Amino acid sequence: MGNASHLRVAASNPAPERVPAGAERAGSLTGWGRVPVVSGYERRSEDLEAITRDVPLTRGLGRAYGDAALPAAPDRCIANSTLADRILRFDPGTGDIVAEAGVSLDLLYRTLLPRGWFTPVTPGTRFVTLGGMVASDVHGKNHHVDGCFGRHVTGLRLRVADGRIVTCSPTEHPDLFRATVGGMGLTGHILEVAFRLTRVPSPWIFQETQRLPDIDAFIEALKACAATWPMTMGWIDCLSKGRAMGRGVLFRGRWATAGEAPQAFPALGAPIPVPFTFPHGVLGRSTVRLFNEVYYRVPRPRAAVVHPKSFFYPLDVAGHWHRLYGPRGFTQYQCVLPASGGHGAARRFLEVVTRGSGASFLCVIKDCGAEGDGLLSFPKPGISIALDLAMRDDTQALVDQMNERVIAEGGRIYLAKDALTRPEHFRAMESRLDTFLDIRRTWDPQGRIRSAQSVRLFGW
Amino acid sequence: MALKVVVLGGTKGIGRALARQLAARGDQVHLLGRDAEELAKCAADLQARRPSPAPVGFTSCDLERPEGFAPALAAADAALGGFDTVVVTAGLFATQARLQSDREFTRRLLTVNFAHTVVFCEEVREYLLARGGGTLCVVSSVAGERGRKPVVLYGASKAGLSAYLEGLDHAFRGAGLRTICVKPGFVRTSMTDGLPEPPFAAEPEQVATTVVRAIDRGTPVVYAPPIWALVMMVIRLLPRAVMRRIGF
């Protein structure tokens with residue numbers, strides 16, 4: 001949306017007594033990583049249809065780390081979906097559900113898990129909206145079995161660029177559907193999502209853990225347990241070099257049977273907030289080294305029934321945990337290294353990471369299953385590695401080096417995390433990009449729907 | 001015991017959050033509101049949030065059309081098999097700047113927020129007293145505590161409402177009618193979207209939790225979030241000369 005249409009936003013604001021929706025309204029927006037910071041603000045209403053009429057983008061709970069849910073200058077006003085949070089239909093016989101895009105995973109967890117239903121796929125936080133889950137085509141610990149969220153979506157209601165509201169599904173406007181699943185909100189405003197929930201035998205998780213001495217052993221173990229466990233993931237130490245490179249802890253789990261699980265429903269509890277922004281550098285190399293050593297060595301039960309929150313959402317224990325990274329913020333980097341790249345791909349990638357001076361507090365490793373239908377959907381068969389990197393002067397250079405390694409391995413990065421990838425790097429990673437952009441152009445010839453990320457990576 | 005609650009204004013904002021909390025703990029809810037399509041969607045949402053499946057009913061009722069009040073309450077009575085609690089969160093809002101320049105909207109706002117809300121409450125009073133009592137919970141505002149520059153007109157409508165609710169509580173609590181006057185501060189809803197945010201801004205869910213507790217206990221006046229009780233105590237004590245000088 002250019003300057004002229006921006007003025008139209010101001011002119012058609014239905015509540016003229018308020019601060020006009022235009023340049024006058026102050027504010028700035030960031031993603032979860034708190035960098036970059038852009039000038040802009042969100043419009044909130046229960047009536048998502050009304051507020052998406054003339055804005056370039058809709059944002060949910062703002063958990064995308066980089067610039068995926070930020071307006072591209074000169075746009076400033078975007079819609080926020082979180083007040084549009086009604087469950088419109090739920091069939092307790094089949095688990096079929098239709099909900100507004102602002103419904104959060106947290107709500108579904110609190111409302112439907114006690115009744116034996118869970119989303120077929122969950123990312124590592126429950127503070128995401130359904131709209132965001134579709135736009136990022138999120139994956140979880142069960143990706144090697146159940147694929148991404150988009151695989152379970154049966155239909156979408158979308159406001160497209162020309163203002164029309166259309167429904168799409170794998171059979172209705174399949175091109176629009178494939179471009180929307182994983183399409184980072186760039187095909188239109190997602191208004192409603194239909195999908196099917198999964199029946200679970202209990203709300204508890206049976207978990208096993210295993211300590212592994214290096215990255216090669218880790219990947220062998222990850223692959224071995226993929227055959228028998230529906231959920232797997234691991235934490236690895238991204239500071240150790242040499243023989244111990246990529247040592248870590250592997251977690252594998254399944255829903256506990258009714259016989260194994262405690263009778264009580266796992267306590268809900270609210271997150272404990274990180275009360276203020278930590279000074280820059282608290283999560284530096286030495287603290288992370290200490291954490292890694294302790295986290296690797298700490299004794300943990302080899303097998304136990306655990307709380308679903310500690311299994312799926314360990315970071316949600318702390319509210320505003322991004323404040324730990326200080327005022328400069330942080331970026332998350334997540335890539336998938338394809339199985340076709342052969343055995344040493346993860347080790348070669350970690351060599352780039354450990355050579356750099358950045359210290360990753362969080363490093364999560366996971367094997368991915370088959371590629372989904374979404375045209376920009378992130379996972380493909382191989383190993384996914386996610387790192388948190390405190391923002392420093394050399395972070396851009398490190399991301400460039402990692403991207404070059406990923407391109408050489410035939411992998412790709414996850415747009416929901418990205419803030420720093422260069423357009424030429426993304427293009428080199430994504431063979432499906434032209435198909436995606438063609439569909440986007442068909443539905444939005446004037447390029448009205450756009451984000452800071454789309455302008456950075458695709459030019460519009 | 002599960003309550004049987006009629007909510008006027010449960011499709012948005014505080015009313016929506018409140019209806020959800022009541023439904024989630026198993027209370028029976030019947031929605032009243034202007035837009036039938038919105039009501040149907042909200043009723044479906046409440047139904048999905050209930051721990052045990054039971055249909056949630058709704059009836060059209062517009063605070064601008066008082067002739068519809070009695071039929072709407074009769075429909076709610078029929079749907080719920082009698083009700084014991086009524087919550088009113090509906091109302092109009094606009095900034096002082098807009099109201100000052102729009103006489104027609106000012107008239108509508110004063111009528112809806114005061115006169116028609118009172119008329120609705122009178123219908124409820126008669127109904128609940130005839131059943132031997134019950135709870136009437138109405139959302140007024142901290143804006144009605146004192147005449148203040150930023151809310152001259154809106155505040156006046158809420159001041160009248162608060163005075164009525166206090167009188168009602170004094171007159172009929174002995175007969176079993178518990179009247180609850182809710183006074184929220186700034187709440188982040190679509191009603192306040194785009195307004196500059198003052199201190200102690202709250203989420204509707206927070207306010208709803210406070211109100212549910214007040215309904216259970218029969219608290220006659222409740223500030224939400226509770227910090228506003230303290231703020232308004234100070235504001236009530238300020239001399240006029242001071243009030244005239246400050247912008248609050």
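The values are calculated or read from the model by the stated rules, or taken from the named source; none is laboratory data. All of these numbers come straight from a predicted model, not from anything done at the bench. Virtual Cβ from ideal backbone geometry, glycine too; neighbours counted across all protein chains shown. Please note that ligands, DNA and RNA were not included when accessible areas were found on the heavy atoms of the full protein model with its side chains. Shrake-Rupley method; radii C 1.70, N 1.55, O 1.52, S 1.80 Å.
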Region A:126-178 - residue that is out of contact with any helix residue (DSSP H, G or I) (no Cβ under 7 Å at 6 or more places or on another chain) and of a type in the set (G, A, S) and, of those, surrounded by the fewest Cβ atoms within 10 Å (Cβ to Cβ): A:G163
Residue check for B:D102: closer than 30 Å to B:W228 by Cβ, touching a Lys or Arg at 6+ places or on another chain (Cβ under 8 Å) and among the acidic types (D, E): no
Candidates B:K4, B:K41, filtered to the one that is within 12 Å of chain A (Cβ to nearest Cβ), open to solvent by 30 Å² or more (accessible area, probe 1.4 Å) and in contact with a Leu (Cβ under 8 Å, 6 or more places away or on another chain): B:K41
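May I ask you to verify whether A:G40 is modelled with pLDDT of 95 or more, under 18 Å from the mean Cα position of the chain (by Cα) and open to solvent by less than 40 Å² (accessible area, probe 1.4 Å)?
Values: modelled with pLDDT of 95 or more: yes; under 18 Å from the mean Cα position of the chain (by Cα): no; open to solvent by less than 40 Å² (accessible area, probe 1.4 Å): yes.
No; evaluated as a whole, the condition is false for this residue.
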Residue within region A:2-10 that is open to solvent by less than 30 Å² (accessible area, probe 1.4 Å) and either at the interface with chain B (Cβ under 9 Å from one of its Cβ atoms) or at pLDDT 95 or above (or both) present: no
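Here's the yes/no breakdown for (1) over 19 Å from the mean Cα position of the chain (by Cα); (2) away from chain B (no Cβ under 11 Å); (3) closer than 24 Å to A:P123 by Cβ; (4) of a type outside the set (A, V, I, L, M):
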position	(1), (2), (3), (4)
A:G31	no, yes, yes, yes
A:P36	no, yes, yes, yes
A:L48	yes, no, yes, no
A:N80	no, no, yes, yes
Of all residues in region B:61-78 being touching a residue at least 12 places away in the same chain (Cβ under 8 Å) and among the small types (G, A, S), the one that is farthest from the other protein chains (Cβ to nearest Cβ): B:A70
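Just wondering, is there one or more residues in region B:52-60 that are more than 14 Å from chain A (Cβ to nearest Cβ), farther than 25 Å from B:R213 by Cβ and part of a helix (DSSP H, G or I)?
Among the residues of region B:52-60, not one is more than 14 Å from chain A (Cβ to nearest Cβ), farther than 25 Å from B:R213 by Cβ and part of a helix (DSSP H, G or I), which makes the answer no.
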Residues (open to solvent by 50 Å² or more (accessible area, probe 1.4 Å) and not in a loop (DSSP other than H, G, I, E, B)) located in region A:264-292: A:I272, A:P273, A:R285, A:S286, A:T287, A:R289, A:L290, A:F291
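Residue by residue through region A:248-263, note down the ones that are in contact (Cβ under 8 Å) with a residue 12 or more places away in the chain and open to solvent by 20 Å² or more (accessible area, probe 1.4 Å).
Residues satisfying the conditions are A:F251, A:R252, A:R254, A:W255, A:T257, A:A258, A:E260, A:P262.
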Given (1) part of a loop (DSSP other than H, G, I, E, B); (2) more than 24 Å from A:T354 (Cα to Cα), number of the condition A:R328 does not satisfy: (2)
Single residue of A:L112, A:L57, A:L107 found to be in contact (Cβ under 8 Å) with a residue 60 or more places away in the chain and farther than 26 Å from A:T331 by Cβ: A:L112
Output for region A:50-75, where each listed residue is over 23 Å from the mean Cα position of the chain (by Cα) and among the basic types (K, R): A:R53
Count - residues of region A:293-329 that are basic (K, R), open to solvent by 60 Å² or more (accessible area, probe 1.4 Å) and over 15 Å from A:W235 (Cα atoms): 2
Test: residue in region B:16-29 that is more than 10 Å from every other protein chain (Cβ to nearest Cβ), among the β-branched types (V, I, T) and without any contact (Cβ under 8 Å) to a residue 60 or more places away in the chain: yes
Members of region A:41-63 found to be under 20 Å from A:A99 (Cβ atoms) and out of contact with any strand residue (DSSP E or B) (no Cβ under 6 Å at 6 or more places or on another chain), listed by number: A:S45, A:E46, A:D47, A:E49, A:A50, A:G62, A:R63
Residues of region A:82-119 classified as in a loop (DSSP other than H, G, I, E, B), of a type outside the set (S, T, Y) and within 13 Å of another protein chain (Cβ to nearest Cβ), total: 11
Positions within region B:186-208 being part of a strand (DSSP E or B) and away from chain A (no Cβ under 14 Å), in sequence order: B:A202
Counted residues, region B:169-185 - those being surrounded by 16 or more Cβ atoms within 10 Å (Cβ to Cβ) and either more than 15 Å from the chain's Cα centre (by Cα) or within 14 Å of chain A (Cβ to nearest Cβ) (or both): 3
B:K12, sole failed condition from (1) at the interface with another protein chain (Cβ under 10 Å from one of its Cβ atoms); (2) open to solvent by less than 30 Å² (accessible area, probe 1.4 Å); (3) within 23 Å of A:L48 (Cβ to Cβ): (2)
